[in-house]
1. Given (1) at pLDDT below 95; (2) away from the ligand (no atom under 15 Å from the Cβ), where does residue 232 come up short, assuming only one miss?
2. Could you please let me know if residue 246 is in contact with a strand residue (DSSP E or B) (Cβ under 6 Å, 6 or more places away or on another chain), under 19 Å from residue 29 (Cβ atoms) and at pLDDT below 95?
3. Find the residue count for region 187-209, including only residues that are part of a helix (DSSP H, G or I) and touching a strand residue (DSSP E or B) at 6+ places or on another chain (Cβ under 7 Å).
4. Could you please find all residues in region 202-247 being touching a residue at least 60 places away in the same chain (Cβ under 8 Å) and in contact with a helix residue (DSSP H, G or I) (Cβ under 7 Å, 6 or more places away or on another chain)?
5. If residue 256 satisfies all but one of (1) at pLDDT below 95; (2) within 13 Å of the ligand (Cβ to nearest atom); (3) under 25 Å from residue 126 (Cα atoms), what's the number of the condition it fails?
6. Just one of the numbered conditions (1) crowded, with 16+ Cβ neighbours inside 10 Å; (2) over 30 Å from residue 172 (Cβ atoms); (3) more than 14 Å from the ligand (Cβ to nearest atom) is not true of residue 48; which one?
7. Looking at 250, 262, which one is surrounded by fewer than 19 Cβ atoms within 10 Å (Cβ to Cβ) and either in contact (Cβ under 8 Å) with a residue 24 or more places away in the chain or in a helix (DSSP H, G or I) (or both)?
Ligand code: FDA
């Protein structure tokens, strides 16, 4: 079965499609519904320098298309796409080239947070970029025990946080494993953000956390951005839009979708049925 055949049904729900043109088309459609977009070119843990170079070129092309079509969209990248897996210096150079091009086009660059092996390096590269560039933000994972300290450091340096629960398998020595503990840490970091940051993103589909953030929004008179994954909790997106909050949809595209889909299935086991029915009901 060709990859594009498998894509057809999955496209509609979680991924824009295999090509950059799919990403642009979907982004336009989301903008028309009143939401911002965060575009991500799929792929991670890249070992080949040639592929790293192609990833950088893809993102630069993407920035130019976002500008050309006047899309309300940022991009979100993984540093292991840009060389962190093979050569830290190469990765840093690539990231600086990308963020500089994004700045010229007035587009924000988000750093996705990957497995804990890369947390410190990702934060260091981000903090270094803040000396020169402010058109950026970084995802921080509430399941990591270190995260509140990282958030404090980043906020003090003028950085912008996208707060997520975390999607990788991490050991109990460094990560909270129980949902209740992860949620507690999320709430604590979120409160810190309301108290200390003027611009941050709440990136969760969790009703209770979103309700709590709405209460804090009233108390602190601050209006965070809410970000959701494509294909998840469209009802919540509409609800927040109706209260005039900024809502963004994270939209991946590209052929390297396995890692991404795997993490979505891990979050919600019933998604496996969705994938299987999608894949096996096409002709
Ligand atoms: P939780 O998993 O507790 O789910 C709460 C409720 O949301 C569920 O009960 C269900 O109703 C719904 N839900 C959650 N996931 C679903 C799914 N896949 N399908 C259907 N319903 C679902 N992670 C990371 O490690 N690094 C990163 O850079 C990012 N970036 C990122 C950006 C954005 C915009 C979002 C929304 C999320 C991320 N994540 C991430 C993923 C994040 O860490 C986490 O794995 C997922 O968001 C799921 O966790 P929730 O916060 O939704 O809570």
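The values are calculated or read from the model by the stated rules, or taken from the named source; none is laboratory data. Please read these numbers as outputs of a predicted model, since none were measured by experiment. A quick note on method: Cβ atoms are made from the backbone with ideal geometry, for glycine too, and the neighbour counts reach across all protein chains shown.
1. Condition not satisfied by residue 232: (2).
2. no
3. As a first pass, look at region 187-209 and keep what is part of a helix (DSSP H, G or I): 187-196, 207-209.
So of that shortlist, the ones also touching a strand residue (DSSP E or B) at 6+ places or on another chain (Cβ under 7 Å) come out as 189-190, 193.
Within region 187-209, residues that are part of a helix (DSSP H, G or I) and touching a strand residue (DSSP E or B) at 6+ places or on another chain (Cβ under 7 Å) number 3.
4. Scanning region 202-247 gives 231, 247.
5. Residue 256 satisfies every listed condition except (2).
6. (1)
7. None of the other options fit; the residue is 262.
Residue-wise test of (1) more than 11 Å from the ligand (Cβ to nearest atom); (2) part of a loop (DSSP other than H, G, I, E, B); (3) out of contact with any helix residue (DSSP H, G or I) (no Cβ under 6 Å at 6 or more places or on another chain); (4) over 18 Å from residue 199 (Cα atoms).
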site: 133; (1), (2), (3), (4): yes, yes, no, no
site: 137; (1), (2), (3), (4): no, no, yes, no
site: 140; (1), (2), (3), (4): no, no, no, no
site: 151; (1), (2), (3), (4): yes, no, no, no
site: 154; (1), (2), (3), (4): yes, no, yes, no
site: 159; (1), (2), (3), (4): yes, yes, no, no
site: 162; (1), (2), (3), (4): no, no, yes, no
site: 169; (1), (2), (3), (4): no, yes, yes, yes
site: 172; (1), (2), (3), (4): yes, yes, yes, yes
